[in-house]
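Enquirer: Let me give you the structure first, and then I'll get to my questions.
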Amino acid sequence: MVATPIGNLEDFSYRGVRILSEVSLILCEDTRKTSILLNRYEIITKTMSYLEWNHAKRIDRILRELESNDVAIVSEAGTPAFHDPGSALVEAVVHAGHIVTPVPGPNAVASIVSVAGVPADKFIFLGFLPRKKNERRKMFAEVLENRSPIIFYESPHRIVDSLNIIQEILGNRKLVIGREMTKFYEEIYRGVVSDAIAHFTKPRGEFTVLIEGNK
């Protein structure tokens, strides 16, 4: 399970480069995006797409490959199976008697916690928020009383709408927002929900949001 950069390709570990160079097959969430990383480090290992929806079609071939070779899986960015494809594969591979090894590295949640400047020894991770407004409202209502920070991912198309829902349900709490973390246009925004709504009038890029817990 090989973690890959969430933006800056220089964040890839020496071990990650070695592993992807040595295995016989790399399973990718998006082969086109993974090829950018592989080309950067001159890795010529063959790749194959792997997503949760094509698991049934791929698993037999993967298990046959593991009988004589090592296989790596990467997500589009960050750590596999951390709100990305991989958990079903791990279960099947372990059940077949093979060893699964983590090759740790970049992770957006760890990155936002590291720069937030708030105690986060405990936090709630919501992953990517639901598309439907009612489901988002329900999700935030469920964590209303929790005292730990709340972390989630959001797209540029829904970030302002989600912030409005947060202000409605959780109130005007302090937050830290990482936009395009580790990339050229990286932005770390600090403030309260209402100010963030006014700030992100033309949002672009991917967002990782940390909101303070109930005080």
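Enquirer: Mind listing whichever residues of region 72-82 are buried (at least 19 other Cβ atoms within 10 Å of the Cβ) and not polar (S, T, N, Q)? Give the steps one after another, and end with the answer.
Expert: To start, the set of residues in region 72-82 that are buried (at least 19 other Cβ atoms within 10 Å of the Cβ) comprises 72-75, 77-80.
Selection gives ALA72, ILE73, VAL74, ALA77, GLY78, PRO80.
Enquirer: Looking at GLU67, GLU22, which one is at pLDDT 95 or above and farther than 16 Å from MET1 by Cβ?
Expert: So the residue among GLU67, GLU22 that is at pLDDT 95 or above and farther than 16 Å from MET1 by Cβ is GLU67.
Enquirer: Kindly provide the set of residues from region 96-106 that are in contact (Cβ under 8 Å) with a residue 40 or more places away in the chain and more than 30 Å from GLY213 (Cα to Cα), ordered by number.
Expert: Once the filter is applied, which keeps residues that are in contact (Cβ under 8 Å) with a residue 40 or more places away in the chain and more than 30 Å from GLY213 (Cα to Cα), region 96-106 yields VAL100, THR101, PRO102, VAL103.
Enquirer: Moving to a separate point now. Run down VAL93, VAL109, VAL113 and say which single residue is part of a helix (DSSP H, G or I), buried (at least 18 other Cβ atoms within 10 Å of the Cβ), of a type outside the set (D, E, K, R) and free of Cβ contacts under 8 Å to residues at least 40 places away in the same chain.
Expert: Matching residue, one of VAL93, VAL109, VAL113: VAL93.
Enquirer: Looking at (1) in contact with a Phe, Trp or Tyr (Cβ under 6 Å, 6 or more places away or on another chain); (2) farther than 17 Å from ARG147 by Cα, which is the one condition that is false for GLU206?
Expert: The number of the failed condition is (1).
Enquirer: Is region 15-27 home to any residue that is of a type in the set (Ser, Thr, Tyr) and within 29 Å of GLY178 (Cα to Cα)?
Expert: Taking every residue of region 15-27 in turn, none turns out to be of a type in the set (Ser, Thr, Tyr) and within 29 Å of GLY178 (Cα to Cα).
Enquirer: What's the number of the only condition in (1) surrounded by fewer than 17 Cβ atoms within 10 Å (Cβ to Cβ); (2) assigned to a loop (DSSP other than H, G, I, E, B); (3) assigned by TED's automatic domain parsing to the domain that holds THR31 that THR101 fails to meet?
Expert: Condition (3) is where THR101 drops out.
Enquirer: Follow-up question, since we're still on this one. Looking only at region 89-130, filter to residues that are more than 27 Å from ASN54 (Cα to Cα) and charged (D, E, K, R); which one of those is modelled with the lowest pLDDT?
Expert: ASP121
Yes/no matrix, rows are residues, columns are (1) at pLDDT 95 or above; (2) among the polar types (S, T, N, Q); (3) in contact with a helix residue (DSSP H, G or I) (Cβ under 9 Å, 6 or more places away or on another chain):
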| site | (1), (2), (3) |
| --- | --- |
| ASN134 | yes, yes, no |
| ARG137 | yes, no, yes |
| LEU144 | yes, no, yes |
| PRO156 | yes, no, no |
| ASP161 | yes, no, yes |
| ILE177 | yes, no, yes |
| ARG190 | yes, no, yes |
| PHE200 | yes, no, yes |
| THR208 | yes, yes, yes |
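Enquirer: Quick one: which of ALA108, ALA92, ALA81 is hydrophobic (A, V, I, L, M, F, W, C) and more than 14 Å from the chain's Cα centre (by Cα)?
Expert: Testing whether each residue is hydrophobic (A, V, I, L, M, F, W, C) and more than 14 Å from the chain's Cα centre (by Cα) leaves just ALA92.
The values are calculated or read from the model by the stated rules, or taken from the named source; none is laboratory data. Predicted, not measured: the structure shown is a model, and the values here were computed from it. Every residue, glycine among them, receives a Cβ derived from its backbone with ideal geometry; neighbour counts consider all protein chains shown.
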